[in-house]
Amino acid sequence: MNEQATRSETDSMGEVRVEATRLWGAQTQRSLEHFRIGRDRYVWGRPIIRAFGLVKLHAALANAELGELEVHIGDLIVAAAEEVVAGDLDAHFPLVVWQTGSGTQTNMNANEVIANRAIQIAGGVVGSKTPVHPNDHVNRGQSSNDVFPAAMHIALVLDVNERLYPAVQQLRDVLAAKSAEFADVVKVGRTHLQDATPITLGQEIGAWVAQLDDAVERIRASETGLLALALGATAVGTGLNAHPQFGRRVAEHLGAATGYSFRQADNLFVALSAHDAVTAFSATLRGLAGALMKMANDVRWLASGPRTGIGEITIPENEPGSSIMPGKVNPTQCEALIMVTMQVFGNDATVAFAGTQGNFQLNVAKPVMAHNTLESIALLVDACTSFTVNCAAGIEPEHATIAEHLLRSLMNVTALVPHIGYDAAAAIAKHALHADLTLRDAALAQGVGADDYDRWLVPADMVGP
């Protein structure tokens, strides 16, 4: 680092040189130098940075109201924190996920950036810690141990509401429209990957819609646990150095500002040492991923072929599918969505494991929990949006293939059971299979009258009770 391009920053361990144009301070710089692990940054998707900005902003307001912070200092912090919330200072948050398990370096990154930006606003010298100090003022009444889990909860609540629910809703609505459009398209049902009694294409797609609805309902239920914030716990849950009303007051401010019912956690010791609300929330994202994987696999099976597969639906042909086979087109949106769901499953496994790392008064795997859960949301958002636009919207039935499969399906014989009994119906199905006959011809050969067969076996009458 060029000497002319740096300034001196200090912390309790001494002096550190920081690039002059950067607003972070000594502890952020030390983290940059000591944790050169991976390339994942919280700035991706920026929900964590935004959440830290919100915490610091409303902490300053609460401290000023409670007489813990001079009003003009609080105003400077609020002004700087608003820029963090808006994304104007994202370039000054460079840290990787792989750092201390409490997220201390990220908390200090926020404290340093906000303090230095507040100093700039006041016309002071960046790095001077005057008139705004990162610890004494920006971090007043706080510890990394309670700020990080609070920011994690806030980021997840905002991200899932602002981005995931709308993306899933868009996909769900497109599929619901397809379900209604194809309500009268009678086709073969399948169990065990074998032919079964008839259903409609509308019913088949409608099941995907219902599964998505159920998955979202479970996510919404788990989201309530994230509304409890650890603020006011400080280092170990006792609230040392924080005003007794600080945590409650900050939560009230955050709720008013965001529209979500944030509150101080009932037990602050648990809020620091265990993150069961996050592990439960992540598990519901995994549930959504499972629903999406089921749907994507159904789509690619139904579209398989086009000449030698099931081929009962067509999907958009978006790009060439092979570098060697001319004209080949693959279900690439299904495959991409399936890989995303696999990643979400892996992320959830990590989050669940990280949730077990609470030792005494602190869980020390917070950053990876935040990162993986937010990554799951981001991937699901992008994958749902891509699948909706590039696949689901273009699903169409292949009527000729559907009719042919329905005609050849032996399991339509189930409609004869109430009239001739299970054993006689099974004999007809087996005769049709081994003699390569249609079910109708086999039934007539076994003594069923033509008029009776045509009256008893109507596939469209078999798709309801």
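A compact table of results
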item	result
Taking the chain and dividing mean pair separation by its residue count, relative contact order in percent (alpha carbons under 8 Å, at least six apart)	15 percent
Likely footprinting exposure, 405, 58, 92, fewest C-beta neighbours within 10 Å first	405, 92, 58
Relative exposure of 182, 345, judged by other C-beta atoms within 10 Å (fewest first)	345, 182
Mean Cα-pair separation over length for the range 87-193, i.e. relative contact order, pairs under 8 Å, 6 or more apart, %	20 percent
Proximal lysine pairs, the chain, alpha carbons under 25 Å, eight or more residues apart or interchain	7
Residue order, fewest to most surrounding Cβ atoms within 10 angstrom, among 187, 178, 129	129, 178, 187
Net charge of neighbours whose Cβ lies under 12 Å from the Cβ of residue 226, counting Lys and Arg as +1 and Asp and Glu as -1	-1
Estimated vicinal HN-Hα couplings, Hz - the range 215-227 in sequence order (Karplus 6.51, -1.76, 1.60; Gly, Pro = x)	5, 5, 4, 5, 5, 4, 5, 6, 4, 4, x, 7, 6
Cα long-axis angle, helix 144-159 against the chain (0 to 90 degrees, to the nearest 10)	40 degrees
C-alpha long axis of helix 366-390 to longest principal axis of the chain, angle in °	40 degrees
Helical mean residue ellipticity (222 nm; -39500 (n - 2.57) per DSSP H run of 4+; nearest 500) of the chain	-18000 deg cm²/dmol
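We did not get these values from a lab; they are worked out from the coordinates using the rules stated. Please read these numbers as outputs of a predicted model, since none were measured by experiment. Positions of Cβ are generated from backbone atoms using ideal geometry, with glycine treated the same way; all protein chains shown enter the neighbour counts.
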